[in-house]
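Please find one structure pasted underneath; my questions will follow.
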Amino acid sequence: MVRDYVHLELDREIVSISGTYTPLKELRLNLNGRDILCVIGMAVVDTACCGSGSFIYATVPGYIVTWKGRIDESGLSVSQVEPVEAETIRHEIAKTIMETESINNYNVNFW
């Protein structure tokens, strides 16, 4: 199933209910001849009832089908992605991200 991914502005803090998060960079990882989109960011939890902290995260929307093929109503680029469903491929992607970006396995999320 192909989904739209809206590219958020990098290095711009976004306020959420429990703190903030900031997309820092986008990676295009090549695996078995296909490019995979990965977004690296930082989250700060400072307004939650149960404590505070910060961490680096990775979000993997999926395989890139079209790269920044259109602009949305807010002026942000939109790509189309296909989520990575195979558990073995997810494990391989997470391992690569952990090795290259020093991110904890628990902070790698897939669509």
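Only one residue in I56, I36 is farther than 11 Å from Y5 by Cβ, part of a strand (DSSP E or B) and out of contact with any Phe, Trp or Tyr (no Cβ under 9 Å at 6 or more places or on another chain). Which one?
Working: I36 fails: out of contact with any Phe, Trp or Tyr (no Cβ under 9 Å at 6 or more places or on another chain).
Testing whether each residue is farther than 11 Å from Y5 by Cβ, part of a strand (DSSP E or B) and out of contact with any Phe, Trp or Tyr (no Cβ under 9 Å at 6 or more places or on another chain) leaves just I56.
Here's a follow-up. If I64 satisfies every condition in (1) assigned to a strand (DSSP E or B); (2) over 13 Å from the mean Cα position of the chain (by Cα); (3) surrounded by 13 or more Cβ atoms within 10 Å (Cβ to Cβ); (4) modelled with pLDDT of 95 or more but one, which is the exception?
Status for I64: all satisfied but (2).
Quick one: in the range 2-33, which of the residues that are part of a loop (DSSP other than H, G, I, E, B) and at pLDDT below 95 is surrounded by the fewest Cβ atoms within 10 Å (Cβ to Cβ)? Talk me through it step by step, then tell me what you get.
Of the residues in the range 2-33, the ones part of a loop (DSSP other than H, G, I, E, B) are 2, 7-13, 17-18, 32-33.
Next, from what is left, pick out any that are at pLDDT below 95: 17-18, 32.
Details: I17: 6, S18: 15, N32: 8.
Per the stated criteria, the residue is I17.
Within the range 81-103, count every residue that is in a loop (DSSP other than H, G, I, E, B), more than 14 Å from the chain's Cα centre (by Cα) and at pLDDT below 95. Break it down into steps so the answer makes sense when it comes.
Going through the range 81-103, the residues in a loop (DSSP other than H, G, I, E, B) turn out to be 83-86, 102-103.
From the residues that got through so far, the ones that are more than 14 Å from the chain's Cα centre (by Cα) too are 85-86, 102.
Next, from what is left, pick out any that are at pLDDT below 95: 102.
Residues flagged as in a loop (DSSP other than H, G, I, E, B), more than 14 Å from the chain's Cα centre (by Cα) and at pLDDT below 95 within the range 81-103 amount to 1.
Which one of these is in contact with a Leu (Cβ under 7 Å, 6 or more places away or on another chain), more than 15 Å from I97 (Cα to Cα) and not acidic (D, E): L24, L10?
L10
The values are calculated or read from the model by the stated rules, or taken from the named source; none is laboratory data. What you are looking at is a predicted structure, and each value in this text was computed from that prediction instead of being measured. FYI the Cβ positions are ideal-geometry reconstructions off the backbone, even for glycines, and counts take in every protein chain you see.
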